[in-house]
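Presented below is the structure to which this report refers.
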Amino acid sequence: MSSSQPPSGERNPLGLDELIAILVAFGTMGAILFWVTGKNPDRLNARNWQFPAVFSQPAVTPASPGILTPESPSSDLRSPAKTLVPSEPDAAPVGPLGPVLPQNPPVGVIVVPPKPIARSTPAPAITKPKGDKPKVGPVRFSDVPDKYWARPFILALVDRKIFAEPTDSKFRPEESMTRAELARLIQRMSDDKEPIRKPIDFKDVKDKSPVAPAIDHTVTTGYLKGYPNNEFRPEKQIPRVEVIAALASGLSLKPSTKATKTLQVYTDRAKVPKWAANKVASATEAGIVVNHPKRTLLQPNRTATRAEVAAMIYQAMAKKGKVPAKSSEYVVKPLKLPK
């Protein structure tokens, strides 16, 4: 006989079997969900999800695809895990190269690349060895300081090979000049001048002498002359007046028409020899005469020094347009006398 009472509204608690069944159902659904998203992550926008190795492959960045191969079964599973090394990036994502691995590798297998791919390193740049820097600037002499009065003239002539460059870095500007040495300098400064006279066979100049060609050149081009008795006197120290007269003769300067007025610039004009008065005047008017330390003091009969000869030879070359003119307080300028 059935009971006439209505069923009670209270719920009976779930039994242990029912709880186990629910957990199994949810686990199965989760496994299916993971399998689906791992196989095609685009469906649920799960490309960047990370999954255990049990359900899917390790995540690989599209820009750096790598080749994964399982380690041999004989390897020790307890050894430390090896680092995954990605391959070189390509221009665009491409599919994996080589055999395709199963979607679900066995549990506990450590996936490593078959061989580490070494990154290429750029070759070191090849640089050409630098050569020695060329010599810059004029030659310096230990006995020609920066403020030496004839330094600009000396360096200019050494640079042009008029004066031979010494091997001991000394110019010796205050040493006297001989007639043979002056002949060498004149030959170098006027090697392009044509002869206008016949050579002279000096009895004190041997044909095989090193200075013979220079002496012949200065004589045939009109710069120098000999002494009586057919002598040149190559080792004689040459006075300043002879240097000035030689340059005036070799440059074919016109005789001065006002020699007496021009020589008034010199306080010691009375010491000028008569035979050289016109030559000194024409050289003065041409700007060739250089006096140191006092511009108005000619000292015509004093032996010429190497520095003084260098200054006057440079001025002679400037007169011919071979070198640029140099301004110096020691270059003599004619006085402007009233008419």
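Can you name every residue in the stretch 217-236 that is part of a helix (DSSP H, G or I) and surrounded by fewer than 20 Cβ atoms within 10 Å (Cβ to Cβ)?
Thr220
Which residues, counting only those in the stretch 163-180, are buried (at least 21 other Cβ atoms within 10 Å of the Cβ), under 39 Å from the mean Cα position of the chain (by Cα) and within 25 Å of Val205 (Cα to Cα)?
Phe163 - this is the single residue of the stretch 163-180 that is buried (at least 21 other Cβ atoms within 10 Å of the Cβ), under 39 Å from the mean Cα position of the chain (by Cα) and within 25 Å of Val205 (Cα to Cα).
Just to verify a result, which residue in the stretch 237-274, among those that are charged (D, E, K, R) and over 15 Å from Val309 (Cα atoms), is surrounded by the fewest Cβ atoms within 10 Å (Cβ to Cβ)? Even if it seems obvious, please write down each step before you answer.
Start the filter on the stretch 237-274 by keeping residues that are charged (D, E, K, R), which leaves 240, 242, 254, 258, 261, 268-269, 271, 274.
Narrowing the set further to residues that are over 15 Å from Val309 (Cα atoms) leaves 254, 258, 261, 268-269, 271, 274.
Values: Lys254: 11, Lys258: 12, Lys261: 13, Asp268: 14, Arg269: 17, Lys271: 13, Lys274: 6.
Checked the stretch 237-274; the qualifying residue surrounded by the fewest Cβ atoms within 10 Å (Cβ to Cβ) is Lys274.
For the stretch 264-277, enumerate the residues that are more than 17 Å from Pro239 (Cβ to Cβ) and part of a helix (DSSP H, G or I).
Here is the first cut: in the stretch 264-277, the residues more than 17 Å from Pro239 (Cβ to Cβ) are 264-265, 267.
Residues satisfying the conditions are Gln264, Val265.
Given the residues Ala325, Ala318, Ala310, which is the only one that is open to solvent by 10 Å² or more (accessible area, probe 1.4 Å), within 16 Å of Ala150 (Cβ to Cβ) and not in a loop (DSSP other than H, G, I, E, B)?
Of the residues listed, the single one that is open to solvent by 10 Å² or more (accessible area, probe 1.4 Å), within 16 Å of Ala150 (Cβ to Cβ) and not in a loop (DSSP other than H, G, I, E, B) is Ala318.
With the checklist (1) farther than 19 Å from Ala304 by Cα; (2) buried (at least 18 other Cβ atoms within 10 Å of the Cβ); (3) in contact (Cβ under 8 Å) with a residue 24 or more places away in the chain in hand, flag the one item Ala212 doesn't pass.
(3)
Residues of the stretch 144-156 being under 27 Å from the mean Cα position of the chain (by Cα) and among the aliphatic types (A, V, I, L, M), which ones?
Of everything in the stretch 144-156, those that are under 27 Å from the mean Cα position of the chain (by Cα) and among the aliphatic types (A, V, I, L, M) turn out to be Leu155, Ala156.
Determine the pairs where a residue that is farther than 13 Å from Ile186 by Cα, located within the stretch 157-169, has a partner that is among the polar types (S, T, N, Q) and open to solvent by 70 Å² or more (accessible area, probe 1.4 Å) with Cβ atoms under 7 Å apart, the partner being 6 or more residues away or on another chain.
Ser169/Ser142
The values are calculated or read from the model by the stated rules, or taken from the named source; none is laboratory data. Quick caveat: nothing in here was measured; it's all calculated off a predicted structure. Positions of Cβ are generated from backbone atoms using ideal geometry, with glycine treated the same way; all protein chains shown enter the neighbour counts. Ligands, DNA and RNA are excluded from the accessible area calculation, which covers all protein heavy atoms including side chains. Shrake-Rupley method; radii C 1.70, N 1.55, O 1.52, S 1.80 Å.
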